[in-house]
Amino acid sequence: MSPELLRSPELINLHPSLGDVCTAVGQGLARRPRQLPPWLLYDQEGSRLFEAIGQQPEYHLTRLEQHLLQHHREQIRDCCIQPNPGVPWRVVEFGAGSARKVAPLLKALQPAAYVALDISATHVHRACTRLQAIHPHVPMVAICCDYHQLTTLPDHPLLQGPRLGFFPGSSLGNCSRPGALALLRHMAHLLGPGSRLLIGIDQPQQQPHGVAALEAAYDDAAGISARFARNLLVRLNRDLGADFAPAGFAYQAHWDALEQRIEMALVSRVEQVVRITALGETICFAPGERLITEHSHKWSPEAFLSLSQKAGWGQLRRWCDHQDRFSLYLMEQAPHLCANL
């Protein structure tokens, strides 16, 4: 296939329907405390703001992960080709966003295909189009979806063959502990027997100054994280006919030592009433009441290994930064383990 034919990746749009959005919002607002699923944050503007968060000086996770991927790409490749050298992998990225982190993998592995899954159709298609120009010999397809809800990956020629899942950004931390276990099992189902998974995991910081730095990473001085959270309200106003006043909510990011997670929330500054036309509901917020936008759980290596084993994944390799703050894990479903390289 000529490079010219690969410069416009196909887009498969499986975005949740408006009815699904209404259901998710209604259920989330009925919880105590109120909490909405994090995928609602990622409309086109939310996806743009999230990429900007990763460039802020306080947000070290992106830089640590990119360094690990770049520095260890040959080791990742060598471990992937064992014990079946020559088998062409299909790289399936969950929550691809701008698809900037996958570049070292594509260069090292030269996969048979790259498949990007993301909730924002425009964002993921643009990302794949940009990436296709850099890697013209790797066929690509963008799939707009909530991968948590997929029962199976689309029956597409680019997905026929061994699959390497790629789940960067410590996005597993958005799930509750039971939810993380369910998601890892779901990924095993979607990727199929014999698949592998390369996943980035952020680790808890034990020192007091580490906690302060961790909170700052989710509440940057430039206010991008706060704009990202408030954009959720803008989206609800636009898509569901709500009348949230974004300025009526303060943004808060707090480390919960007991749960080992950052909790991000919008906090009502005053008593206020919000009407949501699509739901036919009126929601009352008391002063100081929180609307949780997302969590970011942190996993020690021991805790993550225990979790992943329960989900049916065995660890092949782990790479971490010199301060042991962030890890990349290469996992497999098959029983044999890759020898240390």
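A short reminder: the numbers here are calculations on the coordinates, not readings from a lab. Fair warning: this is a prediction, and the values are worked out from it, not measured in the lab. Ideal geometry is used to build each Cβ from the backbone, glycine not excepted, and the neighbour counts take in all protein chains shown.
Using a basic spin-label model with each label point 7 Å from the Cα along Cα→Cβ, how many nm lie between residue 51 and residue 18?
For residue 51 paired with residue 18, the spin-label model returns 2.8 nm.
If amide H atoms are built 1.01 Å from N in the plane of the peptide, which residues on other chains or at least 5 residues away come under 5 Å of the amide H of residue 281?
276
Under the rule a/c < 1.5 gives rounded, and otherwise a/b versus b/c splits prolate from oblate, where does region 44-160 land using the Cα gyration tensor?
Verdict is oblate for region 44-160.
Just name one of 267, 232, 254: the one whose Cα is farthest towards the positive end of the charge dipole of region 221-286 (beta-carbon charges, Lys/Arg +1, Asp/Glu -1).
My answer, from the dipole projection, is 232.
Hey, rough spin-label estimate for residue 300 and residue 44, points 7 angstrom out along Cα→Cβ, what's it come to in nanometres?
Each label point lies 7 Å from its Cα, and together they span 4.6 nm.
What are the ³J(HN,Hα) values, in whole Hz, obtained from phi via the Karplus relation 6.51 cos²θ - 1.76 cosθ + 1.60 with θ = phi - 60°, for each residue of region 20-35 in sequence order, with x given for Gly and Pro?
5, 5, 4, 4, 4, 5, x, 5, x, 6, 7, 6, 10, x, 4, 8
Can you show me the helix-derived [θ] at 222 nm for the chain, built from DSSP H runs with n ≥ 4 at -39,500 (n - 2.57) apiece and divided by the number of residues, rounded to the nearest 500.
-10500 deg cm²/dmol
Going by Cα centres, region 111-142 and region 42-109 are how many Å apart?
Between the Cα centre of region 111-142 and that of region 42-109, the gap is 13 Å.
Give the shape of region 52-101 as rounded, prolate or oblate, defined through the alpha-carbon gyration tensor: a ≥ b ≥ c are the square roots of its eigenvalues, a/c under 1.5 means rounded, and otherwise the shape is prolate if a/b is larger than b/c and oblate if not.
In terms of gyration-tensor shape, oblate.
For region 248-338, report the translational diffusion coefficient in µm²/s to the nearest whole number, using Stokes-Einstein at 10 °C, 1.306 mPa s, and a Kirkwood Rh over Cα pairs.
Result for D is 95 µm²/s.
State the label only: which of (i) 60, 40, 39; (ii) 69, 37, 34; (iii) 63, 47, 34 corresponds to Cα extents along the principal axes in Å computed from the shown model?
Recomputing Cα extents along the principal axes in Å here gives the entry labelled (iii).
Just to be sure I follow the definition: excluding the sites themselves, where is the longest run in the chain that has none of the trypsin sites (Lys or Arg not before Pro) in a DSSP loop with at most 15 other Cβ atoms within 10 Å?
The longest uninterrupted stretch comes out as 101-268.
Of the beta bridges DSSP finds with both residues in the chain, what % are antiparallel, to the nearest 5?
Counting DSSP beta bridges with both partners in the chain, the antiparallel share is about 60 percent.
Starting from the Cα-Cα distance between residue 70 and residue 256, subtract it from 0.36 nm times their residue separation and give me the gain in nm to one decimal.
Roughly 63.8 nm would be gained on extension.
Residue separation times 0.36 nm, minus the C-alpha to C-alpha distance between residue 182 and residue 275: what's the value?
Difference between extended and current length: 30.1 nm.
Step through the residues of region 283-297 one at a time and calculate ³J(HN,Hα) from phi using the Karplus curve (6.51 cos²θ - 1.76 cosθ + 1.60, θ = phi - 60°), rounding each to whole Hz and writing x for Gly and Pro.
For region 283-297, the Karplus curve yields 10, 9, 10, 7, x, x, 6, 9, 10, 6, 8, 5, 10, 9, 6 Hz.
Each label point is 7 Å from the Cα along the Cα-to-Cβ direction; what then is the distance between the points at residue 151 and residue 320, in nm?
4.1
Under 19 Å from the Cα of residue 310, which aspartates and glutamates turn up, not counting those fewer than eight places away in the same chain?
In chain and number order, the partners are 302, 332.
Placing unit charges on C-beta atoms (Lys and Arg positive, Asp and Glu negative, everything else neutral), compute the dipole magnitude of the chain about its Cα centre in debye, rounded to 20.
The dipole magnitude comes to about 380 debye.
Tell me, what is the percent relative contact order of the chain, built from C-alpha pairs under 8 Å that lie six or more residues apart?
Dividing the mean separation by the residue count of the chain yields 21 percent.
Gain in length, residue 309 to residue 238, computed as 0.36 nm per residue apart minus the alpha-carbon separation, to one decimal in nm?
21.3 nm
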